[in-house]
Amino acid sequence: TTDPSHSSAMLRRVTAPAVRAPALGALLLLLPCYGGVVRQHHFAPSCSLTTAHRHRHARTVRISAVSSVDSVERTSAAAAADAKHTPAGLRDGELSSWKRGINPFELVRPDIEPLSCSIKELLKTDHAVLNMAAQHFFDRQTGKQFRPTIVLLMARAVGVVDTNAPGNDPNPPLASVPGVTGDAGKVAAGEDPFDKQYRLAEITEMIHTASLIHDDVLDEADTRRGGAAVHKAYSNTVAVLAGDYLLARASLMMARLRNIHVVETMARSLEALVQGEIMQIKATPEERMQMQLYIEKSFYKTASLIAYSCKSAALLGGHALDSDVTRAAYDYGYHLGLAFQIVDDMLDFTGSADSLGKPKLQDMALGLATAPILYAANEFPELTRLIKRKFEQRGDLEAAHELLLKSKGLERTRLLAEDHAHKAVRALDILEDSPSKDALVHLCHIVLSRNK
């Protein structure tokens, strides 16, 4: 068995010095993973392009840039609408009515149980330290693997359509790409679409875990899931590289799904993670007071991966990109993801450090103003100056917490979470009744009822 501390020391001798500016180091290593960012810096290919290829490349860049801007505008518009909307909460008995059918985690347990071991196999590398760091969370899987559970439930709930039928080609543009056949992405004879959807669940968990590793470096967090954060167990450098390695392996697995729409959709989730992190780092004092920014950031950092994974599950089931089913899958993930993050932000004030696996009031300690504090600031304007200076002065955390408890901030935050959970349930209305659909509804109940 390799001694982690010895191997870590060896790696530090052959790599760059430990990252002294975690935020900059992590982002610099993370940004090249995103095609849009690479294109903005005009990295030139090492080989010359033919005129036809150059024109095709330019057209691809333009289309990608337009669709990326369009995606940002749609997200901003939705966040603006949410910020102005006054949530009414759930009707009497509505939450209890969602607790139907079998527990969602039990329904997919036979598929979820081997997932960590499967991912560990996919992450194996000859480098001992990278191997251990990348598998750090998968060695001691203590959570319920929330995101892959959603993916597998959605895959079953949307069902499978005939991907070889006219109009259901997942890769219509590929015929014009040199070296790629036009039928890539179609389900071959005897191939089970659920196999690809299971791979999608693995990809989703790998991306999520990579984001946790990078977030802990950026936030200088000591613990994660009740244990040491990767950068504390090894070093900042090792943690950033381990996160990058997870993203690289996830990207390779995306390509092997052989579905151009799924690759683009999941690539957007990677782009969103970086956008959310930059949005959080670069927010001005005035922007930190805006509910719209909070909702946008919550989408980018949390809900985007869930929404795009749900959408991809529908696409791998053969549903068309613009179909009602695909849109419903995305909408469910969007609203469930926001409800999850909003409840998480509420638990930062109401939960215990032991149950959360992280220190209480950590968000404010990091200078972040979440929904409870933003709502409380509407009642107590003196919170404004504390939010704008990121709770940096002595006594700011205690003063803000005291004012929050006097306000209706937690109550209004609960209503906001309920509002998004309600919209997630309504998004499922067009799907046929099934145990998996019931489990997705039940999951909304679990999200609103959780205490850790």
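For the reader, a short list of remarks on this structure follows.
- Counting only helices (runs of 4 or more DSSP H) that sit wholly inside the stretch 206-295, those with at least 2 residues that are under 29 Å from LEU316 (Cα atoms) are 236-256, 260-282.
- Residues located in the stretch 96-137, provided they are free of Cβ contacts under 8 Å to residues at least 12 places away in the same chain, over 26 Å from VAL447 (Cα atoms) and among the hydroxyl-bearing types (Ser, Thr, Tyr): none
- Only one of the numbered conditions (1) under 29 Å from the mean Cα position of the chain (by Cα); (2) under 16 Å from PRO285 (Cα atoms) is violated by THR413, and that is (2).
- For the stretch 300-334, a residue qualifies if it is in contact with a helix residue (DSSP H, G or I) (Cβ under 6 Å, 6 or more places away or on another chain) and either among the aromatic types (Phe, Trp, Tyr) or not in a helix (DSSP H, G or I) (or both), and the qualifying residues are TYR300, TYR308, GLY317, HIS319, LEU321, TYR330, TYR332, TYR334.
- Residue check, TYR308 open to solvent by 10 Å² or more (accessible area, probe 1.4 Å), touching a Cys at 6+ places or on another chain (Cβ under 8 Å) and of a type in the set (Phe, Trp, Tyr): no
- Selection from the stretch 153-163 of residues that are more than 14 Å from VAL441 (Cα to Cα) and buried (at least 24 other Cβ atoms within 10 Å of the Cβ): ALA155
- Checking LYS360 against (1) touching a residue at least 24 places away in the same chain (Cβ under 8 Å); (2) surrounded by fewer than 22 Cβ atoms within 10 Å (Cβ to Cβ), the condition it does not meet: (1)
- Residues that are assigned to a loop (DSSP other than H, G, I, E, B) and hydrophobic (A, V, I, L, M, F, W, C), drawn from the stretch 382-429: PHE391
- Total residues in the stretch 269-321, condition among the acidic types (Asp, Glu) and within 15 Å of ILE342 (Cα to Cα): 1
- In the set (1) open to solvent by 60 Å² or more (accessible area, probe 1.4 Å); (2) over 26 Å from LEU212 (Cβ atoms); (3) among the hydroxyl-bearing types (Ser, Thr, Tyr), the condition left unmet by SER434 is number (1).
- Condition met for GLY367 (at positive phi and open to solvent by less than 10 Å² (accessible area, probe 1.4 Å)): yes
The values are calculated or read from the model by the stated rules, or taken from the named source; none is laboratory data. Just so it is clear, the structure is predicted and the values come from calculations on it, not from any experiment. Don't worry about glycine lacking a Cβ; one is built from the backbone with ideal geometry, like all the others, and counts go over all protein chains shown. Heads up: the accessible areas ignore ligands, DNA and RNA and are worked out on the full protein's heavy atoms, side chains in. Shrake-Rupley method; radii C 1.70, N 1.55, O 1.52, S 1.80 Å.
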